[in-house]
Amino acid sequence: MSIHTPPAGAVFRGRMLPWLLLAPQLAILALFFFRPAAEGLRQAFHLADPFTGRGIYVGLDNFRALFAEPEYLDSIRASLIFAGLVAGIAMALAFVLAAAADRLLGERPALRSAIIWPYAVAPAVAGVLWLFLLHPSFGVIAQLLHEAGLAWNPLLDGTDAMALIVAAAVWKQVSYNFIFFFAAIRSVPKSLIEAAAIDGAGPLRRLRDVVWPLVSPTSFFLLVMNLIYAFFDSFGIVDAITEGGPGGATRLMVYKAYRDGFQAQDLGGSAAQSIVLMALVGVLTVIQFGWIERKVSYARS
């Protein structure tokens, strides 16, 4: 007896119904994504006339001026350092916390839920919280560092300022990573872990040789998401803590695009920076899919 498979077009009775169902989402995408993206792309090749407000076509001049500016090259370097530190530290901490929660907390949802609370905090609020903790004049942790003889002043030292915004960004993002790592670790078959334990593997070796390879697809997904977060969602933290200072040490690409566009009124240069930032993240994502994904194992058996 053969099984009849209906054609794909038979799911809906009419041709209009699928489009009517998609219409609200398409309208939102067109209004809040495609139209602003098209306007940014147009402005990247124009120079705004300060008197008439009309755009003058200048070709690639905005991009040439951008890469001839040492300040912009410094912002690219700062963004790459910031993204690498945030993604690496946030993922490592989340994996350790998820493994510890799976082993120690067990079926205690209240304690596990407490770990994911920081994800609900807005980036600007997270920045203010960490500024209160590490402010060189009244921060509690800053006072402990001073008593231990460690020099700490993120208001004057660029390295300290970078460490402060990295700490705030990691604290906020580690909760997001924890949710995925915890779910992935809980899905690892207990029989594999028990078999490794019978063979004499200790907890750390079981974590490295059994658990980590099985959660590698989750790690790859989180690496992509963490880099996107570090490049695009770090504006609130930088604006609340350092405003790009001191001396431009924490002036990330997304913050410089905002400052040049809304404060310096250089709309063409700001739009060009947005295009470069989007292209940079796109290239990094393609590299991750082309190189790192080859090391990811999706097999469970």
> Exactly which GluC sites (Glu not before Pro) in the range 57-154 are in a DSSP loop and have at most 10 other Cβ atoms within 10 Å?
Replying inline: Glu107
> So what is the relative contact order for the range 23-161, in percent, with contacts set as C-alpha pairs under 8 Å and at least six apart?
Replying inline: 7 percent
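Within the chain, what is the longest stretch that has no trypsin sites (Lys or Arg not before Pro) placed in a DSSP loop and near at most 15 other beta-carbon atoms within 10 Å?
In the chain, the maximal stretch lacking such sites is 55-299.
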> So what is the accessible area of the range 12-110 per residue, in Å², with the probe set to 1.4 Å?
Replying inline: 71 Å²
> If we restrict to alpha carbons, what Rg and Dmax does the range 25-102 come to, in Å?
Replying inline: 20.4, 63
>> Before I look further, what does the range 192-240 give for accessible area per residue, probe 1.4 Å, in whole square angstrom?
In response: 48 Å²
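Against the empirical 2.2 N^0.38 Å scaling, what ratio does the C-alpha Rg of the range 129-224 come to? Before the final figure, lay out each step's value.
Details: Rg = 19.8 Å, N = 96, 2.2 N^0.38 = 12.5 Å.
Scaled against compact globular proteins, the figure is 1.59.
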>> At a 10 angstrom cut-off on C-beta neighbours, averaged per residue, how do the peptides 34-41, 156-163 rank from highest to lowest?
In response: 156-163, 34-41
>> Amide H of Thr250 versus every other amide H placed in the peptide plane: which residues, excluding those fewer than 5 positions away on the same chain, fall under 5 Å?
In response: Gly245
>> Pairs of alpha-carbon atoms within less than 8 angstrom and 6+ residues apart define the contacts here; what relative contact order does the range 151-262 have, in percent?
In response: 37 percent
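Per DSSP H run of at least 4 residues, take -39500 (n - 2.57); add these up for the chain, divide by its residues and hand me the 222 nm value, nearest 500 deg cm²/dmol.
Numbers: 14 runs with 184 residues, N = 301.
Calculated mean residue ellipticity at 222 nm is -19500 deg cm²/dmol.
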>> Probe radius 1.4 Å, ligands and nucleic acids left out: which of Val86, Val286, Val128 has the largest accessible area, and how do the rest follow?
In response: Val286, Val128, Val86
>> Give me the mean projected area, in nm² to one decimal, of the convex hull enclosing the Cα positions of the range 172-301.
In response: 10.3 nm²
> Which value, in nm² and rounded to one decimal, describes the direction-averaged projected area of the C-alpha convex hull of the chain?
Replying inline: 25.6 nm²
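Within the chain, what whole-number % of the accessible surface is contributed by carbon and sulfur, with the 1.4 Å probe and all protein chains included in the calculation? Display every interim value, and only then the final one.
Values: 12250 of 17840 Å².
Solvent-exposed carbon and sulfur of the chain make up 69 percent of the total.
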>> Tell me which of Ala114, Gln143, Leu85 sits at the most positive position along the dipole axis of the range 41-147, charges placed on C-beta atoms (Lys, Arg +1; Asp, Glu -1).
In response: Ala114
>> If I take all pairs of Cα atoms in the range 24-67, what percentage of them are more than 12 Å from each other?
In response: 66 percent
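If the only charges are +1 at each Lys and Arg Cβ and -1 at each Asp and Glu Cβ, what is the size of the charge dipole of the range 186-301 around the Cα centre, to the nearest 20 debye? Present the calculation step by step, with values, prior to reporting the outcome.
Values: 11 positive and 9 negative charges, 104 e Å.
Taking the Cα centre of the range 186-301 as origin, the dipole is about 500 debye.
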>> Treating only the Cβ of Lys, Arg, Asp and Glu as charged (+1, +1, -1, -1), what charge dipole size does the chain show about its Cα centre? Round to the nearest 20 debye.
In response: 1220 debye
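The values are calculated or read from the model by the stated rules, or taken from the named source; none is laboratory data. In this text the structure is predicted, and so the values were computed from the model without any measurement. Cβ atoms come from the backbone with ideal geometry, glycine included; neighbour counts cover every protein chain shown. Surface areas here come from the heavy atoms of the whole protein model, side chains and all, with no ligands, DNA or RNA. Shrake-Rupley method; radii C 1.70, N 1.55, O 1.52, S 1.80 Å.
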